[in-house]
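> The structure that follows is given in the form of structure tokens.
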Amino acid sequence: MSANSQKVYVKNYGCQMNVYDGQKMADLLKPHGYTITETPEDADVAILNTCHIREKAEHKVFSDLGRLSVVKKNRKKVDKNNDMIIAVGGCVGQAEGEEITRQAPYVDMVFGPQSYHRLPEMLAQVEHKVKGKRRKVVDTQFPTVSKFDFLPSTDKTPVSAFISVQEGCDKFCHFCVVPYTRGAEYSRSVKEILQETKHLISLGAKEVTLLGQNVNGYHGEGLDGNEWSLGRLIYSLAELEGLRRIRYTTSHPLDMHDELYNAHRDVEQLMPFLHLPVQSGSDRILDAMNRKHKVVDYLKIIEKLRAARSDIAFSSDFIVGYPGETAKDHQDTLELIKEVGYAQAYSFKYSPRPGTPASILQTQVADDIKVTRLAELQHLVNEQQIAFNQSKVGQTLEVLFDREGKLPGQIIGKTAYMQSVTFDGDSSLFGNFLDVKIKHGFGNSLSGERI
Ligand code: 5AD
Ligand code: SF4
């Protein structure tokens, strides 16, 4: 494509992997002369990098598309040659494909998470008018060659960066669309990951979060040609000069392994905070969900992690109102939460997703019951989160600052436990680790002052 001066707007929905993919889309387009804009009204190309995990996420995409169609129409009214390109990428693109262009005919392009490396080529195809009309481009293939071979390195890096190390999922939990939208498990090689991490560090990253839908199932080619586990990968990342914090998300209990426990014990840079979703505290529901482990297995894992690193804190995902969930199952989940004691947790009402086994079960739970159970669960988790935050008051914690706060003269950083800390300071402190004396613990954040 020839150099151009077009502006691209990318909106990410859903998980951190989408944030990573969205950044890569920008990285791919920049060498083709595109600049990034934060305002859809200014954009020549608008890309919605979508999420399909729950119905609500999908609805959001269609309402944003409606708004974009108005922007597109208004621009055309002013200048009929000024035709905005609207693209739907990500997991809704993958799941719905051509159907999107039928429901929303103003959409020019649809692609899935495995084909966005072809973005410059797809845009050129859309722009190439045949008999004055644009062609629509739909690409939802799972190519046999990894997209990672085609992704350029980034030129902009936050202090805390993401790196995708594993993608896709073979677990097929009965509620989840991910195995269908992201495809089979794939692990990048250790060499590639080390290269990308070194590059991120050279641009100023101090913290990396290793991303994967099932990240602790990582089994990429190691430096010796053998398969390496996530634990082994973490040991080798820890040798990189300048990398102060390592995290990984999201994990499945079945894929916890000895090298990973050992990494939690031995690697100082591996943060003492783990997101380990359990989804439910009832064996009956875990079985129905096809999670393939029992509550007691999960508790053993928590115990082993605490033995490896005594200051470790946990977070989880919970689904309430899974088909067939009784009041007793729900109570069991609350009991599990009490037993573990979480630093934070995400919880959702079960949302039937087309094509997944749970969506066709006859035992769907009524929405008002889901609402009540969700409120109850969130109340308990919030209490635990506040207690966890307040337990830090008076302590001195190391905070990595990377963002402006809401108020002038205020900045925000993260503790080892992913708590946001507000602090009086300015952007010259971004990228610095400061010891902060914690003064207040709130529901979602802490505040502190310089020692
Ligand atoms: N309904 C509700 N929550 C879901 N999740 C995944 N699929 C569904 C669904 N159909 C939740 C799980 C998962 C998180 C990313 O989203 O808790 O861990
Ligand atoms: Fe979905 Fe996670 Fe289950 Fe995979 S392990 S199917 S991504 S919930």
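Each reported figure results from applying straightforward, stated rules to the coordinates on display, with no laboratory input. Quick caveat: nothing in here was measured; it's all calculated off a predicted structure. All Cβ positions, even for glycine, are placed from backbone atoms using ideal geometry, and neighbour counts span all protein chains on display.
> For segment 41-117, take the alpha-carbon Rg, divide it by the Kirkwood Rh, and send me Rg/Rh.
Expressed as Rg/Rh, it is 0.98.
> Something else: Contour minus end-to-end for Arg265 and Tyr346, with contour as 0.36 nm per residue of separation and end-to-end as the Cα-Cα distance?
26.5 nm
> Give me log10 I(q)/I(0) at q = 0.25 Å⁻¹ for segment 158-216, Debye formula, one equal scatterer per alpha-carbon, no solvent.
Each listed q corresponds, in turn, to -0.93.
> Under a Cβ-Cβ cut-off of 12 Å, what is the net charge of the residues other than Asp435 that fall near it, where Lys and Arg count +1 and Asp and Glu count -1?
In short, 0.
> Would you mind listing how long segment 353-436 runs along its three principal axes, going by Cα atoms, in whole Å with the largest first?
If we take the Cα atoms of segment 353-436, the spans are 57, 29, 23 Å.
> Further question on the same structure: By how many degrees, 0 to 90 and rounded to 10, does the Cα axis of helix 16-29 deviate from the longest principal axis of the chain?
30 degrees
> With just the Cα atoms of segment 83-222, tell me how far they stretch along each of the three principal axes, in Å, largest first.
Result for segment 83-222: principal-axis Cα extents of 50, 39, 25 Å.
> Taking the Cβ-Cβ separation of Asp255 and Asp42 as r and a Förster radius of 45 Å, what is the calculated FRET efficiency to the nearest 0.05?
After rounding to 0.05, the efficiency reads 0.55.
> Which percent of the Cα-Cα distances in segment 248-391 go past 28 Å? Let's see the in-between values first.
Values: 2102 of 10296 pairs.
Within segment 248-391, distances greater than 28 Å cover 20 percent of Cα pairs.
> For every other residue with a beta carbon closer than 15 angstrom to the beta carbon of Val296, add +1 if it is Lys or Arg and -1 if Asp or Glu, then tell me the sum.
Values: positive: Arg284, Arg291, Lys292, Lys294, Lys300, Lys304; negative: Asp283, Asp287, Asp297, Glu303, Asp332, Glu335, Glu339.
Charge balance in the 15 Å sphere: -1.
> So how far apart, in nm, are the two label points at Lys328 and Asp426 if each is 7 Å from Cα heading toward Cβ?
In this crude spin-label approximation the distance works out to 6.4 nm.
> Between helix 55-78 and the chain, what is the angle of the helix's C-alpha long axis to the longest principal axis, kept within 0 to 90° and rounded to the nearest 10?
The angle comes out at about 30 degrees.
> Over the chain, calculate the relative contact order: mean separation of alpha carbon pairs under 8 Å at least 6 apart, over the residue count, as a percent.
Rounded, it is 9 percent for the chain.
> Further question on the same structure: Taking the convex hull of the Cα atoms, report for segment 3-139 its projected area averaged over all directions, in nm². Can you show the working numbers first?
Details: hull surface 30.5 nm².
That works out to 7.6 nm², a quarter of the Cα hull's surface.
> Per-residue HN-Hα couplings for segment 103-117, Karplus 6.51 cos²θ - 1.76 cosθ + 1.60 at θ = phi - 60°, whole Hz, x for Gly and Pro?
6, 10, x, 7, 6, 9, 8, 10, 8, x, x, 9, 10, 6, 5
> Here is a further query. Of all the Cα-Cα pairs you can form in segment 220-300, what percent are over 22 Å apart?
Across segment 220-300, Cα pairs with separations above 22 Å total 36 percent.
> Further, regarding this structure: Could you work out how far the C-alpha centroid of segment 424-451 sits from that of segment 39-57, in angstrom?
After rounding, the separation between the Cα centres reads 33 Å.
> Would you tally the net charge around Pro105, using a Cβ to Cβ cut-off of less than 13 Å, leaving Pro105 out, and scoring K and R as +1, D and E as -1?
Details: positive: Lys72, Lys73, Arg102, Lys133, Arg134, Lys136; negative: Glu98, Glu99, Asp108.
Local net charge: +3.
> Calculate the spin-label point distance for Arg403 paired with Gln103, positioning each point 7 Å from the Cα along the beta-carbon direction, and give it in nanometres.
3.0 nm
> Which three extents, in angstrom, do the Cα atoms of segment 153-271 have along their principal axes, listed largest first?
41, 32, 27
> Can you give the % of DSSP beta bridges in the chain that are antiparallel, to the nearest 5?
Here the share of antiparallel DSSP bridges comes out near 35 percent.
> Find the centroid of the Cα atoms in segment 121-158 and in segment 355-385, then give the distance between the two in whole Å.
38 Å
> Sticking with this one: Could you tell me the distance between the Cα centroids of segment 292-316 and segment 6-27, to the nearest Å?
33 Å
> Report the far tail of the P(r) of the chain, meaning the percent of Cα-Cα pairs longer than 31 Å.
47 percent
> Using only Cα atoms and rounding to the nearest 10 degrees, what angle (0 to 90) does helix 327-340 make with the longest principal axis of the chain?
70 degrees
> Compute the convex hull volume of the Cα atoms of segment 396-450, divide it by the residue count, and report the result per residue in Å³ as a whole number. Each step should come with its number before you reach the end.
Values: hull volume 3.7 nm³, N = 55.
Per residue, the Cα convex hull of segment 396-450 comes to 68 Å³.
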